[in-house]
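Below: the structure, in structure tokens.
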Amino acid sequence: MNTPIDTVRPGPARALDPLSEGWLKALGAIERASGADRAVRALQQGIRTLPLGAVRDVLRGRQLGHPLHPVLVQVPVGCWLSAGVLDAVPGGQPAATMLTAVGLAGAGPSAVAGWVDWAELPLPRARVGLAHAVSNVAVIACYTVSLSARMRGHTLKGRGWSLAGLAALAVSGALGGHVAHGPTGQSSRT
């Protein structure tokens, strides 16, 4: 059964746990933060005016009937989660290194599709989307440092940065999920 997200969210009659309450308050604060609105609007306009032609429709997932970004995101997320599992298995580090690299390679196309979608969002969603993008910079930085350490033979350091990347990825994913499926029921496609 497909239930709209608004019907499964706790209503005013049910109390939220403190962590959920804090997260939702933070998201609300980001949605209302207007300090960067001028830059957000300018960046959105700049992206919308890029001469992408039919590529824009592909990046927006028009042929799929839904955004392409969530599909492309499966490559880096899957690789990095798998690398984390392999880091815990004796002898899994060479494969974890490869998966870290493949995840970084897959992040670029995912980001491009995400930015094209982001350019069409209403301001409250665009504000959270910008926070999602900034957190993705942290994710990419962690995995870049991890890959560099791994390739230089510093396995423990590489594993540590990979764990930091997973933590940043969790925050980024939660922000991205809010952009796509937040409490107003709007989707990331407008």
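Just checking: which of the helices (runs of 4 or more DSSP H) contained wholly in segment 46-140 hold 1 or more residues that are open to solvent by 60 Å² or more (accessible area, probe 1.4 Å), of a type outside the set (Lys, Arg) and in contact (Cβ under 8 Å) with a residue 60 or more places away in the chain?
Numbers: elements: 54-60, 69-72, 74-87, 93-118.
Ranges flagged: 69-72, 74-87, 93-118.
Quick one: which of Ala168, Ala180 is within 28 Å of Leu43 (Cα to Cα) and at pLDDT below 95?
Ala180
Could you check, for segment 154-163, whether at least one of its residues is at pLDDT 95 or above, buried (at least 20 other Cβ atoms within 10 Å of the Cβ) and not in a helix (DSSP H, G or I)?
No.
Which residues, taken from segment 30-41, are loosely packed, with under 11 Cβ neighbours inside 10 Å and either closer than 19 Å to Gly176 by Cα or not basic (Lys, Arg) (or both)?
Restricting attention to segment 30-41, the residues satisfying the condition of being loosely packed, with under 11 Cβ neighbours inside 10 Å are 32, 35, 38-39.
Arg32, Gly35, Ala39, listed by residue number.
For segment 11-28, does any single residue satisfy the condition of being under 20 Å from His132 (Cβ atoms), assigned to a loop (DSSP other than H, G, I, E, B) and either small (Gly, Ala, Ser) or in contact (Cβ under 8 Å) with a residue 60 or more places away in the chain (or both)? Steps first, answer last, please.
As a first pass, look at segment 11-28 and keep what is under 20 Å from His132 (Cβ atoms): 19-20, 22-28.
Then drop every residue that is not assigned to a loop (DSSP other than H, G, I, E, B), which leaves none.
The answer is no; no qualifying residue exists.
The values are calculated or read from the model by the stated rules, or taken from the named source; none is laboratory data. Quick caveat: nothing in here was measured; it's all calculated off a predicted structure. FYI the Cβ positions are ideal-geometry reconstructions off the backbone, even for glycines, and counts take in every protein chain you see. Accessible surface is based on the protein model in full, side chains and every heavy atom, while ligands, DNA and RNA are left aside. Shrake-Rupley method; radii C 1.70, N 1.55, O 1.52, S 1.80 Å.
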